[in-house]
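Presented below is the structure to which this report refers.
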Amino acid sequence: MPTPPLRPGHVSLRRFLALVVPGALAALLLVPAIVLGWVSVTIAAARPIAISASHGTARSLVLGTSTDQAVTGTSLPGENARAAAVVNVTSTELDDLCLLPRFELPLLGRVIGLRLSTSDPVHLGRITLAASEGAAAGLDLPETVVGTASLGGSQVPGVGTGGFVVQSSGGEVDFDGLDMPTLGLVLNDGLRLDTLSLRAGVGDQHC
């Protein structure tokens, strides 16, 4: 039986599946790769992503000044580079985690948020944030150097030689009550967690 002609604006089921299935399979394979830490993840955000945790530890901490585009290596359409505090921590372990990215609906002009949270421990490995602001209560640093960076941008994205940094050396970094909106982040070791809840909403939301 001959295939009926397609109407203008329509596509055959076979062609649709040929276009969609490979991309869908790639996306499904990417999720466990991120969760298992097999791939590095870079996120650039037009609106600050709220990040919070009740307590966490890290092996080292580097705090410097830069821009969101220097940290992530990406730029958003129509966005200029924005000043940001670079926060780089390694071997990061959090007691819990809340992420709240926000997006604007193009046609409706309304902001929606997608709250991702877990009350279980989270392993982030090495993470670099381009923070727009932030606070951490009960910050406990080991021996720390305050001065000019000599480590170069190859080790910490966005921090070049000669920039001002706060850098811990040896010991363990301990912090409570983390609250740090970020313009972009780099997860070098992916994200490993046991549970995750998602909740979408319109308008102002908080972690």
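The values are calculated or read from the model by the stated rules, or taken from the named source; none is laboratory data. Because the structure is a prediction, the values reported are computed rather than measured. Because the Cβ atoms are built from the backbone with ideal geometry, glycine has one as well, and the counts that use them run over all protein chains shown. For the accessible areas, the whole protein counts, side chains as well, though only heavy atoms, and no ligand, DNA or RNA atoms are used. Shrake-Rupley method; radii C 1.70, N 1.55, O 1.52, S 1.80 Å.
Some points to look at:
- Yes/no for Arg126 being of a type in the set (Lys, Arg), crowded, with 16+ Cβ neighbours inside 10 Å and at negative phi: yes
- The listed residue being over 27 Å from Glu172 (Cβ atoms) and surrounded by 13 or more Cβ atoms within 10 Å (Cβ to Cβ), out of Val89, Val111: Val111
Residues are listed down the side, and each one gets a yes or a no for (1) open to solvent by 50 Å² or more (accessible area, probe 1.4 Å); (2) more than 21 Å from the chain's Cα centre (by Cα); (3) aliphatic (A, V, I, L, M):
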site: Ala135; (1), (2), (3): yes, no, yes
site: Pro181; (1), (2), (3): no, no, no
site: Val186; (1), (2), (3): no, no, yes
site: Cys207; (1), (2), (3): yes, no, no
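- When the range 59-84 is limited to residues that are crowded, with 20+ Cβ neighbours inside 10 Å and in contact with a Leu (Cβ under 9 Å, 6 or more places away or on another chain), the one that is farthest from Asn188 (Cα to Cα) turns out to be Ala84.
- Matching option when the condition is among the small types (Gly, Ala, Ser), assigned to a loop (DSSP other than H, G, I, E, B) and in contact (Cβ under 8 Å) with a residue 40 or more places away in the chain, among Gly201, Gly158: Gly158
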